[in-house]
Amino acid sequence: MTQQVRVRFAPSPTGRLHIGGARTAIFNWAFARAMGGTFILRIEDTDPERSTEENVQVILNAMKWLGLDWDEGPEVGGEAGPYFQMQRMDTYTEALEKLKQRGAVYPCFCTKEELDAKREAAGESYAGYDRTCRDLDPAEAQRRIDAGEPHVWRLKVPTDHGPIEFDDAVYGHVSFPADVMDDMILVRTDGSPTYNFAVVCDDTNMGITHVIRGDDHLSNTPRQILIYEGLGAPTPTFAHLSMILGPDGKKLSKRHGATSVEEYRDRGFLPDAMVNFLALLGWSLDGETTIMSRDVICSEFSLDRITKKDAIFDETKLAWMNGQYIQKMGAAEWVRLSEPWLARAHAEGYPYVYTAIVPSPDPNAPAEEEAVEPLNEEQWAAFTDERNARPDFYEGLYPLVAERETSLAEGESKLAYMFWGPCVLLDEKSVNKVLRKEGARAEEALAACREVLADEANPWEAALLEEKCRALAEPLDMKLRNLLQPLRVAVCGNMVSPPLFESIELLKREDVLARIDGTIAEVF
Ligand code: GLU
């Protein structure tokens, strides 16, 4: 019988869940699902200065938002718990006892000052701890411990150890010379375990079969293998994931845009698109397929299709992919997930009659990182009431943007005009190019279209209204463009809005007429 796969994602709660961490989490989760195994979430909170309870929550929320359900870990428990390292101290003490019994560790009494002095004296040629305490007489060492002398515990790296070798599922055969390995500290003077020691203890006690993690840990692996050997424990299979680089080939950082999962959520990216996109940062299904559901990822994921080439994080591709998911999601889901942005557009609407020409946005202006005030309770309540009262209006917004949005957040600005009631904010450039265009007879065009829209005999339906307005081109001897662009600017505020007549159908007749009247009064 093959061994049941058990994998873990082991974040340190020292910050948010970043793109790299999320990718590691997804690979572990998908591998567990594909193998019918267990996905464990373990919080590595042994750095008291940088780990916070708040960061734990942020990470758990990001995992939940991505839909990466864990089988064992915080909140769900499990037989191998607890799942916070700080609650596992007794297991590290136990492991140290075992190492002592097996003669694999020794106490070291060298002070920090002594070690610093040695390091300084050796300069460039410093080759690690000189093993001064390794050969202390055991009885003498015990006497010093009993006398309360501060000490750490170091691993006694076997002197006759050949190269440390392992077969990495991504990197292939890897070999490190053992003779350059330091007698590393496993337990500090205060009794706390070091990172390498805690990880090996946990992975052993939790029965982890595969360690899938970033290749920044590749150099820790030979050290960890020495600890496994010291404990007489089997080593898991390792799979180290290549770095994620920005499109400029440099390590992914804030410079390349958002780097935490939360930021992408707040910018209107969908969890399904994020999971799909991140799954492809270093893994591929068949080298071709780009859009794939969680089900496909979870059933098809395999370690042998992970590449060791660095993965490039291309936000344009992510935006494209997000757009694909938006197109597929359907109106009801879109309204539900777009709430934060629709509520904002709703709160920023104008309930009173108001028309103004406003400066066009500068396309070259640097993107501002403005802090947005959260909506207050009243604004939310007003939005919720309206959304519940007018489901057709909200669902009707979806086809206006479904094929154009690359993030849900775009809805706020792209659809702002749908919340202006009888008002319209006229984009200055559009006014000059369309309404004040020399010889284009924009005022005449607007007046003629207004007549069609004002006629109560015309049902308020996009296709019919469009047909009637288009029919004006011939008698007026006007190009369609010159006939309809003014209407677009007068109703939507600019010349690049979503579909015009579909927008008109969703607005109230009296509001559309008020917008046209306001525009005529303001511009001509
Ligand atoms: N806590 C470590 C980190 O956040 C992960 C350790 C591991 O996966 O072995 O980098």
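The values are calculated or read from the model by the stated rules, or taken from the named source; none is laboratory data. All figures in this text were calculated on a predicted structure; none of them were measured in a lab. Here the Cβ positions follow ideal geometry from the backbone for every residue, glycine too, while neighbour counts run over all protein chains shown. These accessible areas exclude ligands, DNA and RNA; they are computed on the full protein's heavy atoms, side chains included. Shrake-Rupley method; radii C 1.70, N 1.55, O 1.52, S 1.80 Å.
Is it the case that some residue within region 294-317 is within 17 Å of R387 (Cα to Cα), open to solvent by 30 Å² or more (accessible area, probe 1.4 Å) and free of Cβ contacts under 8 Å to residues at least 12 places away in the same chain? No - not one qualifying residue is present in region 294-317. When V452 is tested against the conditions (1) free of Cβ contacts under 8 Å to residues at least 24 places away in the same chain; (2) touching a helix residue (DSSP H, G or I) at 6+ places or on another chain (Cβ under 9 Å); (3) hydrophobic (A, V, I, L, M, F, W, C); (4) not in a helix (DSSP H, G or I), the lone failure is (4). Checking D286, D295, D272 one by one, the residue that is under 20 Å from E315 (Cβ atoms) and either assigned to a loop (DSSP other than H, G, I, E, B) or at pLDDT 95 or above (or both) is D272 and no other.
Count, please, the residues in region 178-196 that happen to be open to solvent by less than 10 Å² (accessible area, probe 1.4 Å) and within 13 Å of the ligand (Cβ to nearest atom). Going through region 178-196 one residue at a time, the tally reaches 1. Within region 197-223, being touching a residue at least 24 places away in the same chain (Cβ under 8 Å), within 9 Å of the ligand (Cβ to nearest atom), part of a helix (DSSP H, G or I) and open to solvent by 10 Å² or more (accessible area, probe 1.4 Å) holds for D216, N220.
Looking across L226, L241, L285, one residue alone is away from the ligand (no atom under 13 Å from the Cβ), open to solvent by less than 10 Å² (accessible area, probe 1.4 Å), more than 16 Å from the chain's Cα centre (by Cα) and among the hydrophobic types (A, V, I, L, M, F, W, C). It is L226.
One residue stands out in region 260-277 among those that are under 8 Å from the mean Cα position of the chain (by Cα) and surrounded by 23 or more Cβ atoms within 10 Å (Cβ to Cβ): the one that is nearest to M321 (Cα to Cα), namely M274. Between T24, T46, the distinction of being crowded, with 18+ Cβ neighbours inside 10 Å, within 11 Å of the ligand (Cβ to nearest atom), of a type in the set (S, T, N, Q) and under 19 Å from the mean Cα position of the chain (by Cα) belongs to T24 only. Under the condition of being without any contact (Cβ under 8 Å) to a residue 60 or more places away in the chain and open to solvent by less than 30 Å² (accessible area, probe 1.4 Å), the residues counted in region 30-43 number 5. From the list L400, L483, L465, the one residue that fits, being modelled with pLDDT of 95 or more, out of contact with any His (no Cβ under 6 Å at 6 or more places or on another chain), surrounded by 15 or more Cβ atoms within 10 Å (Cβ to Cβ) and under 22 Å from A345 (Cβ atoms), is L400. List every residue pair whose Cβ atoms sit under 6 Å apart, with the two residues 6 or more apart in sequence or on different chains, where the first one lies in region 9-22 and is under 16 Å from F277 (Cα atoms) and the second, anywhere, is assigned to a strand (DSSP E or B) and hydroxyl-bearing (S, T, Y). Listed by first residue and then by second, the contacts come to H18/S260. If you check E403, E467 for being assigned to a loop (DSSP other than H, G, I, E, B) and acidic (D, E), only one passes: E403.
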